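The values are calculated or read from the model by the stated rules, or taken from the named source; none is laboratory data. The structure displayed is predicted, hence computed values, not measured ones. We place every Cβ from the backbone using ideal geometry, glycine too, and count neighbours over all the protein chains shown. SASA here: full protein model, heavy atoms, side chains in, ligands and nucleic acids out. Shrake-Rupley method; radii C 1.70, N 1.55, O 1.52, S 1.80 Å.
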Amino acid sequence: MKRVFCFLLTLGVCVVLLGSVSLAKEEYVMKYSWNTQADPMKTSSTAQAWVFKQEVERLSGGRIKVELYPAGQLGDQRSATEQVKRGTIEVTDIASGVLASMYYEPLSIFDLPYVFSSREVAKRVLDTNNPFTQKIIEDCAKKTGIRILGLEPFGFRHFTNNVRPIKSPEDLNGLKIRVMETVPHTEMVKALGASPVPVPFMEVYTSLETGVIDGQENPASLILSESFHEVQKYMSLDGHLLAVGAILINEEWYQSLPEDLQQALYHGSRNAMNTYNGFGGLLDVIAIEELREKGMKIYALSPEEKRAFQKVARPPVEKWMREKIGDQVVDEFLNAVEKAEQKLAEETF
């Protein structure tokens, strides 16, 4: 009888020990890829990545380890997006238009030109708690296998070129302007009378230097950090588009995580996006002054001059969007922008 009791006791201890092993909290490793340089004091994308890593590892109690791969080490934006979809990279930070052009066209709505009046309006529309953006995120995850962890305003994009100052749409006639491989950007540049030339981001400097293209368009902070001022004479502050960054995560991997780790990713990404937006705004202001000091001739368009650009550039892009992604998406987006504008106006003292 004693032997049976000892056997059962031993068996019980083994079961408890095995149970404790099965209940051990699993640890996860995630690769985070982006294209800009590794110095977090130079670009908001890199500053965001650093904060994302620290916050996610802290909030997960170390159960998620974030490995950072800057400067396109794992591939350009299109390649990284493909890898996130396949699951070979867990997370990447890209321009939202890249995902729109590859897998989810409704996301191109954020590339409607001359829509956002300020970073604050954009921040409110892009917030993951905004009903319009929330709907986009869930639909994208369902249809593509890619979840958008967050959308954030990178910075207003401005034209630069080597030929002449750009003060009116006519000044763009005949210029070869580098664009990302997205239809809204291409249609906008064509509407303004220039020739759109798709060039990978990592090749823009050389293409400007060799005259393959006359100009490009990017936020001021990127123009400075990538030294485009060395091969460009003129810059026009027209803010035709707001560059929107997107943190993407593989949906299957995300859904495999326990709920508490999903929460760690959600809150960590929001903290990181606050850094992205605030630091990006500061870098743009500093960049404009530094670019001027370095010899770029910078022209700030008046509100009337901007409206002239809007009148020419927006209708053909909006027409394409209505045909491609539907009136409902366009109307809901414009309604979200209008609500954000109204709410901000109500808060003005």
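Numbers at a glance
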quantity: Residues located in the range 96-116, provided they are among the charged types (D, E, K, R) and open to solvent by 40 Å² or more (accessible area, probe 1.4 Å); calculated: 105
quantity: Candidate set from the range 245-274 (those that are outside any helix (DSSP H, G or I) and within 18 Å of residue 129 (Cβ to Cβ)); member that is nearest to the chain's Cα centre (by Cα); calculated: 245
quantity: Test result for residue 158, under 20 Å from residue 284 (Cα atoms), outside any strand (DSSP E or B) and of a type outside the set (A, V, I, L, M, F, W, C); calculated: no
quantity: Residue within the range 280-294 that is more than 20 Å from residue 123 (Cβ to Cβ), open to solvent by 50 Å² or more (accessible area, probe 1.4 Å), touching a helix residue (DSSP H, G or I) at 6+ places or on another chain (Cβ under 7 Å) and not in a helix (DSSP H, G or I) present; calculated: yes
quantity: Conditions (1) over 22 Å from residue 46 (Cα atoms); (2) surrounded by fewer than 22 Cβ atoms within 10 Å (Cβ to Cβ); (3) of a type outside the set (Ser, Thr, Tyr); (4) in contact with a Pro (Cβ under 6 Å, 6 or more places away or on another chain); number of the one not met by residue 132; calculated: (4)
quantity: Failed criterion for residue 66 (all others in (1) surrounded by fewer than 22 Cβ atoms within 10 Å (Cβ to Cβ); (2) in contact with a Lys or Arg (Cβ under 9 Å, 6 or more places away or on another chain); (3) without any contact (Cβ under 8 Å) to a residue 40 or more places away in the chain hold); calculated: (1)
quantity: Helices (runs of 4 or more DSSP H) contained in the range 9-111 and holding at least 3 residues at pLDDT 95 or above; calculated: 44-59, 77-86
quantity: Candidates 314, 307, filtered to the one that is basic (Lys, Arg), under 15 Å from residue 188 (Cβ atoms) and either open to solvent by 60 Å² or more (accessible area, probe 1.4 Å) or in contact (Cβ under 8 Å) with a residue 60 or more places away in the chain (or both); calculated: 314
quantity: Subset of the range 241-257 that is open to solvent by less than 20 Å² (accessible area, probe 1.4 Å) and farther than 21 Å from residue 313 by Cβ - its residue that is modelled with the lowest pLDDT; calculated: 245
quantity: Qualifying residue in the range 222-239 (condition: within 20 Å of residue 314 (Cβ to Cβ), of a type in the set (Gly, Ala, Ser) and touching a residue at least 60 places away in the same chain (Cβ under 8 Å)); calculated: yes
quantity: Options 260, 331, 238: the member that is under 27 Å from residue 182 (Cα atoms) and surrounded by fewer than 16 Cβ atoms within 10 Å (Cβ to Cβ); calculated: 331
quantity: Looking only at the range 200-228, and only at residues there that are part of a loop (DSSP other than H, G, I, E, B) and of a type in the set (D, E, K, R), the one that is nearest to residue 292 (Cα to Cα); calculated: 226
quantity: Residue in the range 177-199 that is more than 21 Å from residue 104 (Cα to Cα), more than 18 Å from the chain's Cα centre (by Cα), not in a strand (DSSP E or B) and not hydrophobic (A, V, I, L, M, F, W, C) present; calculated: yes
quantity: Selected residue (criterion: nearest to residue 110 (Cα to Cα)) from residues of the range 135-160 that are touching a Ser or Thr at 6+ places or on another chain (Cβ under 7 Å) and touching a residue at least 60 places away in the same chain (Cβ under 8 Å); calculated: 151
quantity: When residues of the range 275-293 are limited to those that are more than 14 Å from the chain's Cα centre (by Cα) and among the β-branched types (Val, Ile, Thr), the one farthest from residue 48 (Cα to Cα); calculated: 288
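Conditions tested, residue by residue: (1) open to solvent by less than 10 Å² (accessible area, probe 1.4 Å); (2) at pLDDT 95 or above; (3) under 22 Å from residue 263 (Cα atoms).
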site: 118; (1), (2), (3): no, no, no
site: 124; (1), (2), (3): no, yes, yes
site: 138; (1), (2), (3): no, yes, yes
site: 147; (1), (2), (3): no, yes, yes
site: 154; (1), (2), (3): no, no, no
site: 165; (1), (2), (3): no, yes, no
site: 168; (1), (2), (3): no, yes, no
site: 188; (1), (2), (3): yes, yes, no
